[in-house]
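Below: the structure, in structure tokens.
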Amino acid sequence: QRIVYLARSLREKSQIKTRQPLQKILIPVLTPQFRRNIEQMAEIIKEELNIKNIEYMTDNNSEIIKRNVRPDFRRIGAKYGKQTNLVAQEVKKFGDKEISRLLNEGTITLNIDNNDFVLDYNDVEIYNEDIEGWLVANEKNITVALDTTITAELKNEGIAREFVSRIQNLRKDNGFEVTDRIKIEVASNSTFMDNIVEMIDYIKTETLTDDLLSVEELSTFEEIEIDDLKLSVFIEKV
């Protein structure tokens, strides 16, 4: 649930629609058991997020995931008073090793001038640097990097999924039964038909369509819109 929540927040951040498939998410795994737990739910995660693959990292030395940390002066100040700046300067030196330990164990002990200073996860702010084509989010010990690159193939699949959704709505609006088979005619639009040519079998299966045809014009039609593309379509029971 946390992985799905984080990845969905990244979709919203980049304004990528839920029906637009994406290639993968990348998850750093802290332990073998952590990975096994995710793998048990992998198919559900992929379905919920509409992604093709989940990839795992066994360490955090990634060119994609760059973690940084800031001290929370208010919380550290409440703990350590006049020594706040001393502790904060040490926090600013944290590398990925220290950040990973804090995420995994929840606390970290700093030894400064032979004095121990214990910090927990809430004493700092851990944040990520996004790089082109990726967005990263984390919540405590879970980090998710979402591949936001949309290839032509993924774009076309997204168009097909949106088309299926519109046709399903038309079936409902026309009072068709769930088991009714239909024929779909689309007023000539070469770009649209070229885009969905690889997805026609999927569209037919999802919408119980026997024939999906491109015609020159329609005397009776309903208009649907997919992104910025307007299409005239006619559906009927067969």
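Here are a few things to note about the model shown:
- 26 Å tail of the calculated P(r), the chain, as % of Cα pairs: 55 percent
- The residues packed around LYS66, meaning those with a beta-carbon under 11 Å from its beta-carbon, carry a net charge of -3 if Lys and Arg are +1 and Asp and Glu are -1.
- Net lengthening on full extension, PHE73/ASP228 (0.36 nm per residue, minus Cα-Cα): 51.0 nm
- Solvent-accessible surface of the range 48-198, taken per residue with a 1.4 Å probe and all protein chains present: 55 Å².
- Positive contributions from Lys and Arg (+1) and negative ones from Asp and Glu (-1), summed over other residues with Cβ under 15 Å from the Cβ of ASP180, come out at 0.
- Helix-derived mean residue ellipticity, 222 nm - over the chain, DSSP H n ≥ 4, -39500 (n - 2.57), to 500: -11500 deg cm²/dmol
- Among the GluC sites (Glu not before Pro) found in the range 1-87, those both in a DSSP coil and sparsely packed, with 16 or fewer other Cβ atoms within 10 Å of their Cβ, are GLU63.
- Filter on LYS66/LYS97; LYS97/LYS140; LYS92/LYS140; LYS24/LYS230 - keep pairs with C-alpha separation over 20 Å: LYS24/LYS230
- Inter-label distance, ILE44 to GLU236: 4.5 nm, where each label sits 7 Å from its Cα along the C-beta direction.
- Per-bin percent of Cα-Cα distances, the range 14-110 [10 Å]: 13, 32, 26, 20, 9, 0
- Relative to the compact-globule estimate of 2.2 N^0.38 Å, the Cα radius of gyration of the range 16-60 comes out at 1.21.
- FRET efficiency, 1/(1 + (r/R0)^6) with R0 41 Å, evaluated for SER9 and ASN174 via beta carbons: 0.65
The values are calculated or read from the model by the stated rules, or taken from the named source; none is laboratory data. Because the structure is predicted, anything quoted here is derived from the model rather than measured. So basically every Cβ, Gly included, is an ideal-geometry build from the backbone, and we count neighbours across all protein chains shown. With ligands, DNA and RNA removed, areas are computed over all heavy atoms of the protein, side chains included. Shrake-Rupley method; radii C 1.70, N 1.55, O 1.52, S 1.80 Å.
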